[in-house]
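The values are calculated or read from the model by the stated rules, or taken from the named source; none is laboratory data. Treat the numbers as computed from the prediction; the structure is a model and nothing was measured. Neighbour counts run over all protein chains shown; Cβ positions are idealised from the backbone, glycine included. Heads up: the accessible areas ignore ligands, DNA and RNA and are worked out on the full protein's heavy atoms, side chains in. Shrake-Rupley method; radii C 1.70, N 1.55, O 1.52, S 1.80 Å.
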Amino acid sequence: MFVCLNDLVDTLKLQFYCSDVEKDKLHFNLHVSHYMDLKNEAMTIKSDDPQQRYKMTSIDKIKFRVMATTQKGFNVVLQNGDFTLSLRKIDDKNHNPVVKAEFRAEFLLRCGYQKAINIVVETVEEMLKNYFIKVSEIHLAKDVQKYNFSMLDFYRLKTLKRNKEIFNQDTNIYYSGLKFTGFSVGKGAEMLRIYNKTHEIDKNKNKAFVKYLSWDYNPSYDETLPVWRIEFQLRREKLKQLYSSWGMVESLQSLLKSIGSLWDYLINTFVLKDLSIKECQEIQAGYRFKGDELLILNADTVKKRFQRANLSPLWSFISTFKGNIVEKLQKIKDIKKPASMYVKNAFKAVLSTFIKLKRGVFNSYELTEILIEADKELQQKKKINIVDNARLKTLDYCSRAKDYYNHTGIDEIQYNNYSQQLRKNLMDTFVLIDGKESTIQTFKEFNKRLKIA
């Protein structure tokens, strides 16, 4: 039977936003200025190792190194063995985060993620009193034994992700005759890594803390067997599209209540299927033999194989995070006001296509007739005219914008005003003017025939 050694929050990055500039600006910026002075002193230190160029300071009895180097977009970086704080002065016109906190994996494991977060929040509160926190990145992981991953498991994985990369930690090539050490699927915003953690520790002894702080305390741990890590990575680009009854998952408070739901979402986004060795080899090769006949495996054939295959027993075994069974996360699509360039491009496309049709001649009356014909076709098909169709699509757009606002608190398009002005905004759906008075008359007739004049 499989063994799960732990459930980990392995990586965590938080962003602190100032919620009251007037109250916090002076106090916070004084702190940042002080650390910037120390940074300037650190910059005078001569060393080829950037980690040796720093000056010491402390916040609420926690010691930090003020580094000579900074992260892009921030004024100063403070770090110690547990976490790193990047600070940016508060600006009235800048709505970016003013503090970025990055947790060390060993710190999260040693203290537990709840206590580690409390320590970081209390440290930031010494400088910033009015704030809200968003999660910019989180990694959830499990270390397992008694399942030995192989190259074939890469072909057992079902996902909609296009980016699949097989890697070897020694050589970064597909096949080298060396020990297989894992694979990754997806990219930064939403990603799965499966890799031999024992092999990683053998190559980098600094990673061994997980053995002493976690594995050795598990009575089921077998030192003679390799440990494989299953690690999911999510960044804010994806987090802000997910919500539960506690709110958007990108909010720290909501995320902490939704950890189990987040794992459930990920384990069902990247699914390991119980395909046979032969089926995996055929998918890898791209063909199969039927007697002496060679048959190419097309995409539909592979898709049907995954549909028929059962879930891998390992995936069933690790289906929950710390045994928590919670609600399913919901997805909401980002909604933003369309940029004017899309209208311009659509307008140019209509003119370009029409003028090509007329071999370089522009005739506003004939274009009007084409639009009227399109209106007739739409009425026959949907029983509504062009303008009513545009209204329905815009109302649907406003509805989605309102739903987005209800879950995020962000009014991207000021949908209340937009909805109130809907009739006025859509009254003149399409107007072409080529500088001739006759064109205006033509479109008055067009409007009349569409019954919107």
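Summary of values
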| quantity | calculated |
| --- | --- |
| Residues located in region 145-159, provided they are more than 15 Å from Arg229 (Cβ to Cβ) and of a type in the set (A, V, I, L, M, F, W, C) | Met151, Leu152, Phe154, Leu157 |
| Region 8-34 residues that are polar (S, T, N, Q), paired with ones that are in a helix (DSSP H, G or I) (beta carbon under 9 Å, 6 or more apart) | Thr11/Ala105; Thr11/Leu108; Gln15/Arg236 |
| Which numbered condition His95 fails, given (1) at pLDDT 95 or above; (2) part of a loop (DSSP other than H, G, I, E, B); (3) not hydroxyl-bearing (Ser, Thr, Tyr) | (1) |
| Region 90-148: number of residues that are open to solvent by less than 70 Å² (accessible area, probe 1.4 Å), free of Cβ contacts under 8 Å to residues at least 60 places away in the same chain and farther than 30 Å from Ser220 by Cβ | 4 |
| Residue count for region 61-81, restricted to those that are more than 19 Å from Val98 (Cα to Cα) and open to solvent by 70 Å² or more (accessible area, probe 1.4 Å) | 2 |
| Positions within region 20-44 being open to solvent by 50 Å² or more (accessible area, probe 1.4 Å) and part of a loop (DSSP other than H, G, I, E, B), in sequence order | Met43, Thr44 |
| Which numbered condition Ile335 fails, given (1) closer than 28 Å to Phe232 by Cβ; (2) touching a Phe, Trp or Tyr at 6+ places or on another chain (Cβ under 7 Å); (3) modelled with pLDDT of 80 or more | (3) |
| Any chance Gly186 is at pLDDT below 95, surrounded by 15 or more Cβ atoms within 10 Å (Cβ to Cβ) and among the small types (Gly, Ala, Ser) | yes |
| Arg53, sole failed condition from (1) under 32 Å from the mean Cα position of the chain (by Cα); (2) buried (at least 18 other Cβ atoms within 10 Å of the Cβ) | (1) |
